[in-house]
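The block underneath contains the structure these notes are about, expressed in structure tokens.
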Amino acid sequence: MELTSSTEPGLQIVTVQEPRIDAAVALAFKDRMRDATEGGTDTVLLDLNHVHFIDSSGLGAIVAAMKNLAPDRKLVLAGLTPAVDKVFRLTRMNSVFGVFATVEAALADLRA
């Protein structure tokens, strides 16, 4: 599971560089997210624009990443592809996370 990370003032952007977050990679995703975000900024923006498939294990891994940051830090999502967005809407997980169409839209909102 490859993740890349960059920081801006008060914000860390973690980009998933894989096409899938599913049962096969969920544990690795959680471990990489924990490593990438440990001791970081107040807000973590998870960029999912490369992810074209997510299953329940992938959703669980993203929730685990959010819980790992809580209660003092927050996780927001950006760049959901149509298939991933559909899963988030069907499971109503889009009401749990702040979800932005693009990284740029998230940055504009979070900087405001």
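Bear in mind that the values in this text are calculations on the coordinates, not laboratory data. Values in this document were obtained by computation on a predicted structure and should not be read as measured data. All Cβ positions, glycine included, derive from the backbone under ideal geometry; neighbour counts span all protein chains shown.
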Contact order normalised by residue count of the chain, Cα under 8 Å, 6+ apart, percent: 24
Cα gyration tensor category, rounded, prolate or oblate, for segment 21-111 with a/c compared to 1.5: oblate
The chain: calculated mean residue ellipticity at 222 nm from DSSP helix runs of at least 4, using -39500 (n - 2.57): -12000 deg cm²/dmol
Alpha-carbon centroids, segment 52-108 and segment 1-46: separation in whole Å: 12
Sequence-distant residues sharing a close amide H with residue 13 (under 5 Å, placed H): 6, 7, 8, 45
Local electrostatic count at residue 18 - Lys and Arg +1, Asp and Glu -1, tallied over other residues with Cβ under 15 Å: -2
Estimated vicinal HN-Hα couplings, Hz - segment 61-69 in sequence order (Karplus 6.51, -1.76, 1.60; Gly, Pro = x): 5, 5, 4, 4, 5, 5, 5, 5, 7
Vicinal HN-Hα couplings computed from phi for segment 8-24 (Karplus, 6.51 cos²θ - 1.76 cosθ + 1.60; Hz; Gly/Pro x): 10, x, x, 8, 10, 10, 10, 10, 7, 9, 10, x, 9, 10, 9, 4, 5
Share antiparallel - DSSP beta bridges, the chain, percent rounded to 5: 30
Cβ-derived FRET efficiency at R0 30 Å, residue 109 paired with residue 27, nearest 0.05: 0.45
Table column - 3J(HN,Hα) (Hz), segment 27-38, Karplus curve with 6.51, -1.76, 1.60, x for Gly and Pro: 5, 5, 4, 4, 5, 5, 5, 4, 5, 5, 9, 4
